[in-house]
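> I'd like to ask you about the structure that follows.
The values are calculated or read from the model by the stated rules, or taken from the named source; none is laboratory data. Since the structure is predicted, the reported quantities are computational estimates derived from the model, not experimental observations. In this analysis, Cβ positions are derived from the backbone assuming ideal geometry, glycine residues included, and neighbour counts consider all displayed protein chains.
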Amino acid sequence: MRALQLTAVQTLTFITIPEPRDPGPGEVLVRVHAIGICGTDVSGYLGKMPFMQLPLILGHELGVEVIAVGDAVTNVKPGDKCSVEPYLNCGHCHSCAQGRTNCCETLTVLGVHGDGGMCERLVLPAHKLHPRNTLSFEQLALVEMLGIGCHAVNRAQVNAGDPVLIIGAGPIGLTVLEFARLAGAQVSIFELNQARRAFVQRTWPDVRVLTEAPDEASAQCVFDATGHPGSMSAAIRYTKFTGKIIFVGITKEPVPLDDPLFHRRELTLLASRNAVASDFTRILELIEQDKINTSAWISHRCTFDELPTAMPEWIKPATGVVKAVVNLL
């Protein structure tokens, strides 16, 4: 069976791996149809992702088809189309006992901490599959990405009418935008890249797009989706008294904190990591109800065979990638 492995920085290589074993109790064998390319994949490709060790098979945003099920599997059946929740948690640590499975103490994320879905078939735990036969495989591959924004907005407890500032209009920042709007917030987004600003203006004309950082505290909730330590540090300045700062992006570098300002405004600093199962359920329903328009998201596509050539182009800002999807079939 073919798989695409990140063998070195900026080097994707087709390899042959053994066929997956038959699914055991509580497991499912799936065929991969669509793979979303996200910022984590790009960071890993560029050698900037702290959790990845090469060689590695990438791929955690997946739209899959069930081929076979093991004993005691009742939530899916052969032929079902599913989104994959790629966060493999232990189920018994402190975080899991609280229902915070997204930050399990021994969490393994497909395609990040271990081999992922850039292959033809793989075996997964059945409870990590979210079936929705009314949606396309491309739509199903977008659900994990949307879950990042859904979870971040839930963490911040955004209310209707709240002034919200999002820093960074890459895919993750845009998922935050999507769910902040659904919460009824007054949304502004700060982005330096002109093409990304234009995309926001076309897609969400009700959103205020900023070409420069605010010169005063303007938001109750500030989401930083850049993963840039300077930007993350500056987020404090844009946050109103009693407000919240939510770090959605991640960096290897220390983030300086202006402690006197932080204390004076009595701010709350939150991290947001991954998503939980209920986020997947909600997102699938929202897409099915046309409350999230997925057609606007996908700007670039390629086949599995084309990805090693497409990836070096997609990482260039001039390419204008909003969201890229790989189709295997």
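> When you scan the range 34-47, do you find a residue that is hydroxyl-bearing (S, T, Y), touching a helix residue (DSSP H, G or I) at 6+ places or on another chain (Cβ under 8 Å) and more than 24 Å from T251 (Cβ to Cβ), even just one? Break it down stepwise before answering.
The first filter runs over the range 34-47 and keeps only residues hydroxyl-bearing (S, T, Y), leaving 40, 43, 45.
In the following step, the residues that additionally are touching a helix residue (DSSP H, G or I) at 6+ places or on another chain (Cβ under 8 Å) were identified as 45.
From what is left, the residues that are more than 24 Å from T251 (Cβ to Cβ) are none.
Checking the range 34-47: not a single residue is hydroxyl-bearing (S, T, Y), touching a helix residue (DSSP H, G or I) at 6+ places or on another chain (Cβ under 8 Å) and more than 24 Å from T251 (Cβ to Cβ).
> Pairs under 6 Å by beta carbon, first residue not assigned by TED's automatic domain parsing to the domain that holds M49 in the range 247-272, partner of a type in the set (G, A, S) and at pLDDT below 95, six or more apart or different chains?
Sorted first by the residue in the range 247-272, then by its partner, the pairs are G249/G227; I250/G227; T251/G227.
> Where residues in the range 162-221 are among the basic types (K, R) and part of a helix (DSSP H, G or I), which of them is nearest to I246 (Cα to Cα)? Before the answer, list the steps.
First, pick out the residues of the range 162-221 that are among the basic types (K, R): 181, 196-197, 202, 208.
Then keep just the ones that are part of a helix (DSSP H, G or I); that gives 181, 196-197, 202.
Values: R181: 16, R196: 21, R197: 21, R202: 26 Å.
Only one residue fits best here, namely R181.
> Going through the range 184-209 one residue at a time, which ones are in contact (Cβ under 8 Å) with a residue 24 or more places away in the chain, small (G, A, S) and surrounded by fewer than 19 Cβ atoms within 10 Å (Cβ to Cβ)?
G184, A195 - these are the residues of the range 184-209 that are in contact (Cβ under 8 Å) with a residue 24 or more places away in the chain, small (G, A, S) and surrounded by fewer than 19 Cβ atoms within 10 Å (Cβ to Cβ).
> If M145 satisfies every condition in (1) in contact with a strand residue (DSSP E or B) (Cβ under 7 Å, 6 or more places away or on another chain); (2) part of a helix (DSSP H, G or I); (3) more than 23 Å from T175 (Cβ to Cβ) but one, which is the exception?
So the condition that M145 fails would be (3).
> All but one of (1) at pLDDT below 95; (2) in contact with a helix residue (DSSP H, G or I) (Cβ under 9 Å, 6 or more places away or on another chain) hold for Q53, so report the exception by its number.
The single condition Q53 does not satisfy is (2).
> Being buried (at least 19 other Cβ atoms within 10 Å of the Cβ) and in a helix (DSSP H, G or I) is the filter here; which residues of the range 235-267 pass it?
Scanning the range 235-267 gives A235, I236, Y238.
Residues are listed down the side, and each one gets a yes or a no for (1) within 19 Å of the chain's Cα centre (by Cα); (2) at pLDDT 95 or above; (3) polar (S, T, N, Q); (4) closer than 30 Å to G173 by Cα:
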residue: P20; (1), (2), (3), (4): no, yes, no, no
residue: P23; (1), (2), (3), (4): no, yes, no, no
residue: G47; (1), (2), (3), (4): yes, no, no, yes
residue: G63; (1), (2), (3), (4): yes, yes, no, yes
residue: G79; (1), (2), (3), (4): no, yes, no, no
residue: E85; (1), (2), (3), (4): yes, yes, no, yes
residue: S95; (1), (2), (3), (4): no, yes, yes, yes
residue: R100; (1), (2), (3), (4): yes, yes, no, yes
residue: E105; (1), (2), (3), (4): no, yes, no, yes
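> What tally of residues in the range 121-138 results from selecting those that are in a loop (DSSP other than H, G, I, E, B) and crowded, with 17+ Cβ neighbours inside 10 Å?
Initial filter on the range 121-138 (in a loop (DSSP other than H, G, I, E, B)): 132-136.
Then drop every residue that is not crowded, with 17+ Cβ neighbours inside 10 Å, which leaves 132, 135.
Summing the residues that are in a loop (DSSP other than H, G, I, E, B) and crowded, with 17+ Cβ neighbours inside 10 Å in the range 121-138 gives 2.
> Restricting the search to the range 68-91, which residues are surrounded by fewer than 16 Cβ atoms within 10 Å (Cβ to Cβ) and either in contact with a Gly (Cβ under 9 Å, 6 or more places away or on another chain) or among the basic types (K, R) (or both)?
Answer for the range 68-91, where residues must be surrounded by fewer than 16 Cβ atoms within 10 Å (Cβ to Cβ) and either in contact with a Gly (Cβ under 9 Å, 6 or more places away or on another chain) or among the basic types (K, R) (or both): D71, A72, K77.
> Separate question: Name the residues in the range 210-227 that are in contact (Cβ under 8 Å) with a residue 60 or more places away in the chain and over 19 Å from R181 (Cα atoms), would you?
Within the range 210-227, just G227 meets the criteria.
> Take the range 287-303 and flag every residue that is surrounded by fewer than 19 Cβ atoms within 10 Å (Cβ to Cβ), aliphatic (A, V, I, L, M) and assigned to a helix (DSSP H, G or I).
Of the range 287-303, the ones surrounded by fewer than 19 Cβ atoms within 10 Å (Cβ to Cβ) are 288-291, 293, 295-296, 298-303.
With aliphatic (A, V, I, L, M) added as a condition, the list becomes 296, 298.
Across the range 287-303, the qualifying residue is only A296.
> Could I ask something else about it? Filter the range 304-328 down to residues that are in a loop (DSSP other than H, G, I, E, B) and over 17 Å from H33 (Cα atoms) and give me whichever is nearest to the chain's Cα centre (by Cα).
Applying the first criterion (in a loop (DSSP other than H, G, I, E, B)) to the range 304-328 yields 304-306, 315-316, 320-323, 328.
Applying the additional criterion that residues be over 17 Å from H33 (Cα atoms) yields 315-316, 320-322.
Numbers: I315: 17, K316: 20, G320: 18, V321: 15, V322: 13 Å.
Ranking the qualifying residues of the range 304-328, first place goes to V322.
> What's the number of the condition G230 fails, among (1) surrounded by fewer than 18 Cβ atoms within 10 Å (Cβ to Cβ); (2) over 27 Å from V109 (Cβ atoms); (3) at pLDDT 95 or above?
It fails just one condition, (2).
> Could you say which residue among I283, I250, I298, I236 is touching an Asp or Glu at 6+ places or on another chain (Cβ under 6 Å) and not polar (S, T, N, Q)?
On the way: I283 fails: touching an Asp or Glu at 6+ places or on another chain (Cβ under 6 Å); I250 fails: touching an Asp or Glu at 6+ places or on another chain (Cβ under 6 Å); I298 fails: touching an Asp or Glu at 6+ places or on another chain (Cβ under 6 Å).
Among I283, I250, I298, I236, only I236 is touching an Asp or Glu at 6+ places or on another chain (Cβ under 6 Å) and not polar (S, T, N, Q).
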